[in-house]
Amino acid sequence: MTASNETCQNTTNQRRVRVRFAPSPTGPLHIGGVRTALYNYLFARRHGGDMILRIEDTDSQRFVPGAEDYINEALAWLGIGIDEGVREGGAYGPYKQSERRDIYRTHVRQLLDTGKAYIAFDTPEELEAKRESIKNFQYDASTRMQMRNSLTLPADEVQRLINEGARYVVRFKIEPGIDVTVNDLVRGPVTIKSDILDDKVLYKSADDLPTYHLANIVDDHLMEVTHVIRGEEWLPSAPLHVLLYRAFGWEDTMPSFVHLPLLLKPDGKGKLSKRDGDRLGFPVFPLEWHDPFSGDTSAGYRESGYLPEAVINFLALLGWNPGDDTEIMDMQTLIDKFSFDHCSRAGAKFAFEKGKWFNHQYLQAMNDAELASLFVPVLKEHNVDVDTFGMDYITRVVGMVKSRVSFVPELWEQTKYFFQAPTEYDPKAVKKRWSEDMPATMTRLIEVLKTLPSFKSGDAEPIVLQWITDNGLHMGNVMNAFRLAVVGQCTGPHMFDITEVLGREKTIERIERAIENINPDDAK
Ligand code: GLU
C-alpha cells in the first residue's frame, strides 16, 4: 500500500442523512450520553434524515440488566425520537449487536480471506511474557512475526489448532507507514501515522463475538450511516475505523465523524463524574437509577423535578450555540438552528446552576393547568385529597405561586396552606406580630370579614384596609397577623388573593383557630 494522506472523502452529500446513537447497556445512560443522543437527533431532524438506536452489547461481561430499558425510557422522556431500533423495528435490523453474530462472522471471514486480518493463538501468558521482555511491546508490524499466529505458523498447523478447539482471536493487520486522516466536521482533518496503532483484536473465538471496533464499523456500513456523532473518548479509535472501512473496500461510503467535546466538572477542572453530582447536589443521569448489583440509587433529572424541555435546552448548549445569544429554545427551534459550525472543540463546563435556571424559565412558560397536573403526584405524596379540591383549584393555586419556584416539588412548600390549615406558626413572626392585643383585633377583623359583600380580592381589600385605617390600627401589624393566622408564616402571594381562593369560611375558621392556638409565650 502506498502512503496516502487523503481525507476520508465521503459522498454523504448525495445520501440520505442517517445517524446512530449506539450505547452499550453497561449501566444507566450518563448525561453526556444523552447529549450525544440529542446532537444525533437534532442533526437527523435538521436534514430530514433517520435516527437509529443501536444497542452495542457485544461485551457480555459488562452487561447490566435493566440498562437497555433505561436507555429507551430516558430517550422517550426527553422527546428524543428514534426512527429505527430494537423497539421501533426498521429495514436494517436486528438493531442489537448480540443478534448479529452471523453478520460479523461473515465479515471477519472476508478480512481473513483477503489477507487484511489474521488469526492469533497467543495465550494471555505468552503476551504477558512478551510485554516483559520487550519494552513498550505492541502487537503490530514490528512484532507480529515473532508471535504465534497464522502469519508465522504453517497453514495445516493453524487448521489443526482450530480443529482442536484452541482459543484464538482475529487481529487486524495494520500496514505501517500510512497517514490516516479522520475527517472530523468539528475538529477538521485529524491525521495520525498508522505505525502508532496496534493490530487490534476484531473477534474472539472464546465467545464467538466481535469486538466493539469490528461490530461498530460493519453496522455503520450496513446501516448506511452517513455521520458518526459520538463522544470525544472515541476519537483515538477513529483512525482504526477509517482503516477498517478501507480494508472492506467501503471508502465510498465512509461516514463523516464528529467527536463531541467532554462535559467538564462545573469548575472546568477535569471530566464530569457522578461524584461531582453527589458532592454538589445535581444528578448526572436523566432518570433515577437503581443499581441491580449494589442496590444503590442514583438521582435522576426526572425525579428531581426537571422538565424534559429544560434538560434538552440546557444540554443542547453544552458544546453548541446557535450563533447568537439566544438561550431559550424548544426542540423545534434547536432542530432549525442546529449545525456543527457552531459546535465547540473545547470541553463544556457542566454549569448545573444554569440547568436550574432553564428549569425555572420553562416552568414559568408552562400553562398553569399543565403544571398543576405535574404537581398532582406531589400532592398525593403529602396525602392531599386531590379530587376534593379539584383541578381548577389546584391550577389556580399553582398559577399564584409559580414565579417563586424552579422545580415542581418546590410548589408544595409554597402552596401547602391552600390544602391544609396551618398547625404551626412561624415563631419569629409570632414574636414580632402577635402582640397581646392582637387576638382582640383579629376578633374584630372576623366581624368585618363576615359582613363583606364579596370575598373577591379586589372587592375585599379596599374595605378591610379602610377599616384598619379608620380604626387607627397599624397596617403592617394587622395585615401580617392576618397572614400569620391564615398561612402560618408571613410569606406568600398577595393576601387577598389567598383569602379569595380559600373562601370566607376557611379564612374565618383559620383566624379563630389562630386566636385560640397562638401563644406568644411559646415564641419567647
Ligand atoms: N458503544 C459505544 C458507546 O458505548 C459506541 C461508540 C460509538 O458511537 O461509536 O459509546
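Below is a table of values for the structure above.
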{"read-out": "Qualifying residues in the stretch 49-70 (those that are part of a loop (DSSP other than H, G, I, E, B) and in contact (Cβ under 8 Å) with a residue 60 or more places away in the chain) - the one nearest to the ligand (Cβ to nearest atom)", "value": "Glu56"}
{"read-out": "Complete set of residues in the stretch 164-182 that are part of a loop (DSSP other than H, G, I, E, B) and either more than 26 Å from Ile229 (Cβ to Cβ) or small (Gly, Ala, Ser) (or both)", "value": "Glu164, Gly165, Ala166, Arg167, Tyr168, Lys173, Glu175, Pro176, Gly177"}
{"read-out": "Filter result for the condition that a residue is at pLDDT 95 or above, surrounded by fewer than 16 Cβ atoms within 10 Å (Cβ to Cβ) and of a type in the set (Lys, Arg), over Lys450, Lys402", "value": "Lys450"}
{"read-out": "Index of the failed condition, Asn136 passing every other in (1) in a loop (DSSP other than H, G, I, E, B); (2) out of contact with any Phe, Trp or Tyr (no Cβ under 7 Å at 6 or more places or on another chain); (3) at pLDDT 95 or above", "value": "(3)"}
{"read-out": "Matching residues in the stretch 49-106 - criterion: being modelled with pLDDT of 95 or more, of a type in the set (Val, Ile, Thr) and surrounded by 20 or more Cβ atoms within 10 Å (Cβ to Cβ)", "value": "Ile52, Ile55, Ile71, Ile80, Ile82"}
{"read-out": "The one condition in (1) surrounded by 15 or more Cβ atoms within 10 Å (Cβ to Cβ); (2) more than 17 Å from Ala514 (Cβ to Cβ) that Lys416 fails to fulfil", "value": "(2)"}
{"read-out": "Residue satisfying condition, being within 22 Å of Gly347 (Cβ to Cβ) and within 16 Å of the ligand (Cβ to nearest atom), within set His213, His241, His227, His221", "value": "His227"}
{"read-out": "Matching residues, the stretch 293-310, being of a type in the set (Gly, Ala, Ser), surrounded by fewer than 20 Cβ atoms within 10 Å (Cβ to Cβ) and not in a loop (DSSP other than H, G, I, E, B)", "value": "Ser298"}
{"read-out": "Residue within the stretch 35-48 that is modelled with pLDDT under 95, surrounded by fewer than 23 Cβ atoms within 10 Å (Cβ to Cβ) and away from the ligand (no atom under 12 Å from the Cβ) present", "value": "no"}
{"read-out": "Checklist (1) farther than 24 Å from Thr114 by Cβ; (2) crowded, with 17+ Cβ neighbours inside 10 Å applied to Asp207, failing item", "value": "(2)"}
{"read-out": "Selection within the stretch 320-339 - in contact with a helix residue (DSSP H, G or I) (Cβ under 8 Å, 6 or more places away or on another chain) and part of a helix (DSSP H, G or I)", "value": "Met331, Leu334, Ile335, Asp336"}
{"read-out": "Conditions (1) aromatic (Phe, Trp, Tyr); (2) within 18 Å of the chain's Cα centre (by Cα); (3) within 16 Å of the ligand (Cβ to nearest atom): number failed by Trp234", "value": "(2)"}
{"read-out": "Single unsatisfied condition, Val430 versus (1) of a type in the set (Val, Ile, Thr); (2) closer than 17 Å to Ile508 by Cα; (3) outside any loop (DSSP other than H, G, I, E, B)", "value": "(2)"}
{"read-out": "Residue in the stretch 343-361 that is of a type outside the set (Lys, Arg), farther than 22 Å from Lys265 by Cα and not in a helix (DSSP H, G or I) present", "value": "no"}
{"read-out": "Failed item, numbered, when Ser406 is tested on (1) assigned to a loop (DSSP other than H, G, I, E, B); (2) out of contact with any His (no Cβ under 9 Å at 6 or more places or on another chain)", "value": "(2)"}
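The values are calculated or read from the model by the stated rules, or taken from the named source; none is laboratory data. Computed from a predicted structure; not experimentally measured. Note: ideal-geometry Cβ built from the backbone for every residue, glycine included; neighbour counts use all protein chains shown.
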